[in-house]
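A short write-up of the structure that comes next.
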């Protein structure tokens, strides 16, 4: 009996320490964060439509809702393919940012929203570029999502420029 347990423990240890297992864990972590991010971006897009002053901010909000809803379906499919349960809401840090932004309106909302979107999308692009090098469901999702994230960054940067010049 104890030999079977010992062998089972060794086999489990070998599996857990294999590079594939480690890569799966990293890919699952990426997908969890990607799904939370998509959910947060959809909510931020709704907020931009409601609290944004400029047409640019409101239309960017619509773009975020559509693109990140679509991306979330693909990320969820990749998560299911990798045998993980996808999260159903943004993480606590994202919720806190939403709460902070929901208290703003008008020009102040437009400025802070554009600034946040630039920072957020730059960080996301780095993570997605790293993940896109992997040959699994998470990597395929990341590769496909990158052009949309790049487009969002460019839009946010142009809004950020407008918000900055409007303040002067």
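You will find that of 30, 60, the residue that is touching a strand residue (DSSP E or B) at 6+ places or on another chain (Cβ under 9 Å) and modelled with pLDDT of 95 or more is 60 and no other. Restricting attention to region 47-81 and to residues that are surrounded by fewer than 15 Cβ atoms within 10 Å (Cβ to Cβ) and touching a helix residue (DSSP H, G or I) at 6+ places or on another chain (Cβ under 7 Å), the residue that is farthest from residue 24 (Cα to Cα) turns out to be 62.
Filter region 102-136 down to residues that are in a helix (DSSP H, G or I) and touching a strand residue (DSSP E or B) at 6+ places or on another chain (Cβ under 9 Å) and give me whichever is nearest to residue 150 (Cα to Cα). Here the answer is 113.
The values are calculated or read from the model by the stated rules, or taken from the named source; none is laboratory data. Computed from a prediction, not measured in an experiment: that's the story for all the values here. Positions of Cβ are generated from backbone atoms using ideal geometry, with glycine treated the same way; all protein chains shown enter the neighbour counts.
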